[in-house]
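Take a look at the structure set out below.
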Amino acid sequence: MNWNLMFFINSILLGVGLAMDAFSVSLANGLNEPKMKFGRMSVIAGCYAIFQFAMPMIGWICVHTIVVYFQKFESFIPWIALILLLFIGGKMIIEGLHGEDEEEADSNKKLGFGTLLVQGVATSIDALSVGFTIADYGTVMALVASLIIAVVTFAICICGLKIGKKFGEKLDSKANILGGVILVGIGIEIFVKGVFF
């Protein structure tokens, strides 16, 4: 592969495709936390971007080193994403249905660091497979492609968080349930795509 316009276009399109799960989760997080400040939004979007950068690179390294083991692990990717997102989404739905007083609800709505990391892994784990797509790239090209994917993911996730915040303010207590349903839906979608297609 050469450094040309197609390389950059392909990397951007790959980034858009890979960022769709992270966008949906960002939307759910915005719904869940409508008073979120921009600094916090940047941290959340940055976390997803870091994972979207790391996963293709890990996949690329696996292709160039331990390809046989990676191919065996690849069949578990949809299962891992499904379990992680069902857990987080289910927890949000239960909290939304349970109902809490306003002060307790506000403190529980905040996305914790552990949950953020789990979401980052769940939404980017399918990007490991991108290592096969960029297998013919040299190290620098693979790094640049992964960096482009990360930047695109960051921008898309900021948009998702802003949209989610707008609707979260209007939906109020129902936002937690809707956010949970979105996460469960994403988990099922990743699973179905990974296992049956």
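The values are calculated or read from the model by the stated rules, or taken from the named source; none is laboratory data. It should be emphasised that the depicted structure is a prediction, and the values quoted were computed from it without experimental measurement. Glycine gets a Cβ as well: all are built from the backbone with ideal geometry, and neighbour counts include every protein chain shown. When the accessible area is computed, the model is the full protein with side chains, heavy atoms only, and any ligands, DNA or RNA have been set aside. Shrake-Rupley method; radii C 1.70, N 1.55, O 1.52, S 1.80 Å.
Out of the range 109-162, which residues are among the β-branched types (Val, Ile, Thr), more than 25 Å from PHE73 (Cβ to Cβ) and open to solvent by less than 10 Å² (accessible area, probe 1.4 Å)?
none
When residues of the range 124-150 are filtered for being under 14 Å from GLY15 (Cβ atoms), more than 15 Å from the chain's Cα centre (by Cα) and not hydrophobic (A, V, I, L, M, F, W, C), how many remain?
Matching residues across the range 124-150 total 1.
Out of all the residues in the range 163-197, which are over 15 Å from ALA122 (Cα atoms) and surrounded by 15 or more Cβ atoms within 10 Å (Cβ to Cβ)?
ILE163, GLY164, LYS165, PHE167, GLY168, LEU171, ALA175, ASN176, ILE177, LEU178, GLY179, VAL181
Pairs needed: first member in the range 84-104, more than 18 Å from ASP21 (Cβ to Cβ); second member anywhere, modelled with pLDDT under 80 and open to solvent by 90 Å² or more (accessible area, probe 1.4 Å); C-beta distance under 9 Å; at least 6 residues apart or different chains.
These pairs meet every condition: GLY96/LYS174.
Going through SER42, SER11 one at a time, which residue ends up being modelled with pLDDT of 90 or more, within 18 Å of the chain's Cα centre (by Cα) and either farther than 19 Å from SER146 by Cβ or not in a helix (DSSP H, G or I) (or both)?
SER42
So, of the residues in the range 72-86 that are of a type outside the set (D, E, K, R), over 14 Å from THR123 (Cβ atoms) and out of contact with any Phe, Trp or Tyr (no Cβ under 9 Å at 6 or more places or on another chain), which turns out to be modelled with the lowest pLDDT? Even if it seems obvious, please write down each step before you answer.
Narrowing the range 72-86 to residues of a type outside the set (D, E, K, R): 73, 75-86.
Filter once more, so that each one left must be over 14 Å from THR123 (Cβ atoms): 73, 75-76, 79.
Narrowing the set further to residues that are out of contact with any Phe, Trp or Tyr (no Cβ under 9 Å at 6 or more places or on another chain) leaves 73, 75-76.
Numbers: PHE73: 73, SER75: 78, PHE76: 80.
Once the filter is applied, the top-ranked residue is PHE73.
Per-residue answers, yes or no, for (1) over 12 Å from LEU111 (Cβ atoms); (2) open to solvent by 20 Å² or more (accessible area, probe 1.4 Å); (3) of a type in the set (Asp, Glu):
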| site | (1), (2), (3) |
| --- | --- |
| GLY15 | yes, no, no |
| PHE23 | yes, yes, no |
| LEU27 | yes, yes, no |
| GLY30 | no, no, no |
| ARG40 | no, yes, no |
| CYS47 | no, no, no |
| PHE51 | yes, yes, no |
| PRO56 | yes, no, no |
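Let's see how each residue does on (1) outside any helix (DSSP H, G or I); (2) of a type in the set (S, T, N, Q); (3) over 18 Å from VAL25 (Cα atoms); (4) at pLDDT below 85:
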residue	(1), (2), (3), (4)
GLY89	no, no, no, yes
PHE132	no, no, yes, yes
LEU143	no, no, yes, no
SER146	no, yes, yes, no
THR153	no, yes, no, no
GLY160	no, no, no, no
ILE182	no, no, no, yes
